[in-house]
Amino acid sequence: MSSPAAPRPKPWIDAIAPYVPGRSSSDSGIVSAKLSANENPLGTSPAAREAFAAAAATLGRYPDGSATALREAIAARFDLDPARVIYGTGSDEILHLAAGAFAGVGDEILFVRYGFSVYPIATRRVGATPVEAPDRDYATDVDALLACVTERTRVVFLANPNNPTGTFLPRDELLRLHGALPADCLFVIDQAYYEYVDAAEDDGGFDLARTAPNVLVTRTFSKIHGLAAERIGWGYGSAEVVTALHRIRAPFNVTTAGQAAAVAALADDGFVEASRAHNARLRTWLEAQIAGMGNAGLRTVPSKANFVLVLFEGKLTGERAFAGLMERGFITRWLPGQQLPHGLRITIGTEDEMQRLVAALREMVGSAL
Ligand SMILES: *Cc1c(COP(=O)(O)O)cnc(C)c1O
């Protein structure tokens, strides 16, 4: 019998399945490539690292709680109003703020079946009910999402590109989805991987966030900018939405070093461009190599992000592929907890890592036949 005096978490907190981060160590202790957390294989902009180091001079002071320099740099870079920029301890915090400010017990939060695993946590944390829309061959199905909207739907989360599938919803479909959502439903467009998408394929997220009262676009410094350790994300929406988020964020939620590093990273177009080009080249190469593995039952879901979801539909199962790669020191992301026991999400690493990964996969496919 449990003690009657013990504090009891709310039932919706007990219902949370904890977030499973990408592993950073292998069973054997050998790590030849960490391809589990979608980090930038080129590291970090040298300018950002210098700015981070320089912040040591003011370690004794609280950070700028208004993140003024960061908001202004973001606004100048993307032609936005600095007063409508929200910033967070990673964009993860902003997702939690969105759920917390706009939903609670009795409300529903909607996202796609193979969506980002933080969405159900952010939903349950505030006592709301997660609703998952069916996919269309792993991609977002706008009609299926719309069919799940009820009068209780308060927030819709959509990652574009999506994680863990890498799929991308084009502009016309994104606008169609927004146009059919109720005006009182907050549409969060999570663009964590947006910098990997060609500029010509703009999904129109910022255009919507500039004008629509119910859209929040989120971005992160963790992925292409290579600042995952510093935990900095930001978002853009209407003054009303952003004001609500500011009310509930922690007062000093982004560090001084993080703000400085982010401002410097944003200005380093060369680093971002090199990262994008590296990723595009090796992602195309990896997809072609896997397609070339014949009838082994491997296929990739078309990706616009810095990772590829590989599906194992033949003799070599996702579980065995994960274990076999792990034995060889490759840490990938196996996703049984996300209804993808047949899927491995593999981050695009360095050229050498990708070549060795493909060689390892070939060997495993060969011995499974
Ligand atoms: C990585 C990721 C984020 C955010 O990461 P932070 O490090 O918290 O900024 C948000 N959304 C998706 C879909 C991601 O994959």
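Counting C-alpha atoms alone, how compact is the range 1-149: give Rg to one decimal and Dmax as a whole number, in angstrom.
20.6, 60
How large is the translational diffusion coefficient of the range 1-51 in µm² per second when you combine the Kirkwood radius over alpha carbon pairs with Stokes-Einstein at 4 °C and 1.567 mPa s?
For these conditions, the coefficient is 81 µm²/s.
Could you grab the relative contact order for the range 1-153? Cα pairs under 8 Å, six or more apart, rounded to a whole percent.
21
Taking the alpha carbon gyration tensor of the chain, what are the square roots of 5 times its eigenvalues, largest first, to the nearest whole Å?
The three semi-axes for the chain are 32, 26, 22 Å.
Over the range 218-262, what is the relative contact order in percent, taking alpha-carbon pairs closer than 8 angstrom and at least six residues apart?
Relative contact order for the range 218-262 comes out at 39 percent.
Need the C-alpha centroid separation for the range 316-355 versus the range 133-198, integer Å.
With the range 316-355 and the range 133-198 each reduced to a Cα centre, they are spaced 26 Å.
Quick one: order 24, 117 by neighbouring beta-carbon count within 10 Å, fewest to most.
If I rank by nearby Cβ atoms, fewest first, I get 24, 117.
Express as a percent, rounded to the nearest 5, the fraction of DSSP beta bridges in the chain (both residues included) that run antiparallel.
Close to 50 percent.
Provide the convex hull volume over Cα atoms per residue for the range 124-195, in Å³.
Expressed per residue, the convex hull around the Cα atoms of the range 124-195 is 102 Å³.
Only helical DSSP H runs with n ≥ 4 go in: add -39500 (n - 2.57) per run for the chain, normalise by residue count and round the 222 nm mean residue ellipticity to 500 deg cm²/dmol.
Calculated from helices alone, the mean residue ellipticity at 222 nm is -11500 deg cm²/dmol.
Cα gyration tensor of the range 5-91, axes a ≥ b ≥ c as square roots of the eigenvalues: rounded (a/c below 1.5), prolate (a/b > b/c) or oblate?
Note, shape of the range 5-91 comes out oblate.
If you build a Gaussian network model of the chain, linking Cα atoms that sit under 10 Å apart, which residue out of 235, 29, 166 swings the most?
29
Compute the length gained on full extension between residue 143 and residue 8: take 0.36 nm times their separation in residues and subtract their Cα-Cα distance, giving the result in nm to one decimal.
44.6 nm
Straight distance only, please: which lysines reach the Cα of residue 223 with their own Cα at less than 18 Å, same-chain residues fewer than 8 apart left out?
Cα-Cα hits under 18 Å: 34, 304.
With the cut-off at 1.5 for a/c, could you classify the range 249-369 from its C-alpha gyration tensor as rounded, prolate or oblate?
prolate
Write down the Kirkwood hydrodynamic radius of the range 176-286, to one decimal in angstroms, obtained as one divided by the mean of 1/r over all alpha carbon pairs.
15.7
What order do you get for 121, 94 when you list them from fewest to most C-beta neighbours inside 10 Å?
121, 94
Roughly how many Å is it from the Cα centre of the range 228-290 to that of the range 31-85, as a whole number?
For the range 228-290 versus the range 31-85, the Cα centre distance is 8 Å.
Which whole-number percentage describes the relative contact order of the chain, with Cα contacts under 8 Å and a sequence gap of 6 or more?
Relative contact order, the chain: 24 percent.
Every read-out reported here was derived from the displayed coordinates using simple, explicitly stated rules and does not represent laboratory data. Predicted, not measured: the structure shown is a model, and the values here were computed from it. Here Cβ is always computed from backbone atoms with ideal geometry, including for glycine, and neighbour counts include all displayed protein chains.
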